[in-house]
Amino acid sequence: MNPARPTAAVLLGLLAVTAAAPAVRAAAAPDPVVAGERVSISDGGWCGPVQEATAASELFGAVALRPGEEGMTAEVRVDERTEPGPYRVTIECGPGGARHVETVTVTDGRPENVGVAQAVGGLALLAVAGGAAYWLRRASARG
């Protein structure tokens with residue numbers, strides 16, 4: 001029997017299994033991010049069973065990733081003074097291990113939180129509700 005045929009069959013089988021496997025990649029969410037927001041960094045399972053992984057970027061320095069549902073993860077805050085643009089995030093699987101680079105884009109804008117206008121509006125509604133309750137109580141006491 002020609003040895004090339006079994007070898008070709010094995011290679012085709014490996015190719016089919018590799019093509020059918022889901023693509024695993026590191027991720028940062030949300031992306032893009034607004035300066036001042038929190039970002040979740042994940043290896044997406046890319047580091048495998050390694051229990052020590054780090055993520056490093058000029059956005060947040062170096063942080064240790066911890067085991068989570070989607071592989072090794074960490075949550076970091078992007079500094080509010082960060083200039084808009086793309087930033088590299090390098091994930092290293094263990095000391096001297098494999099590395100993966102992801103890009104996070106910082107955009108102009110405000111972080112998703114309560115703004116001054118929303119706070120003033122909420123206080124105004126609270127004052128109106130308190131005034132209405134006081135007026136109704138006085139009106140019912142007069143009888």
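The values are calculated or read from the model by the stated rules, or taken from the named source; none is laboratory data. Not measured: the values here are computed from a predicted model. Backbone-built Cβ (ideal geometry, glycine too); neighbour counts: all protein chains shown. Heads up: the accessible areas ignore ligands, DNA and RNA and are worked out on the full protein's heavy atoms, side chains in. Shrake-Rupley method; radii C 1.70, N 1.55, O 1.52, S 1.80 Å.
Points worth noting:
- When residue 82 is tested against (1) within 18 Å of residue 29 (Cβ to Cβ); (2) in a strand (DSSP E or B); (3) among the polar types (S, T, N, Q), just one condition goes unmet, and that condition is (2).
- Which listed residue, of 63, 33, is under 13 Å from the mean Cα position of the chain (by Cα) and modelled with pLDDT of 90 or more: 33
- Residue that is least open to solvent (accessible area, probe 1.4 Å), among those in region 66-79 that are in contact with a Ser or Thr (Cβ under 6 Å, 6 or more places away or on another chain) and in a strand (DSSP E or B): 71
- Residue match in region 94-116 (condition: β-branched (Val, Ile, Thr) and modelled with pLDDT under 90): yes
- Cβ-Cβ distances below 9 Å connect the following pairs, each with a first residue in region 87-99 that is without any contact (Cβ under 8 Å) to a residue 24 or more places away in the chain, a second residue that is not in a loop (DSSP other than H, G, I, E, B), and a separation of six or more residues or different chains: 99/90; 99/91; 99/92; 99/93.
- Qualifying residues in region 27-56 (those that are of a type in the set (Asp, Glu) and farther than 19 Å from residue 81 by Cα) - the one surrounded by the most Cβ atoms within 10 Å (Cβ to Cβ): 43
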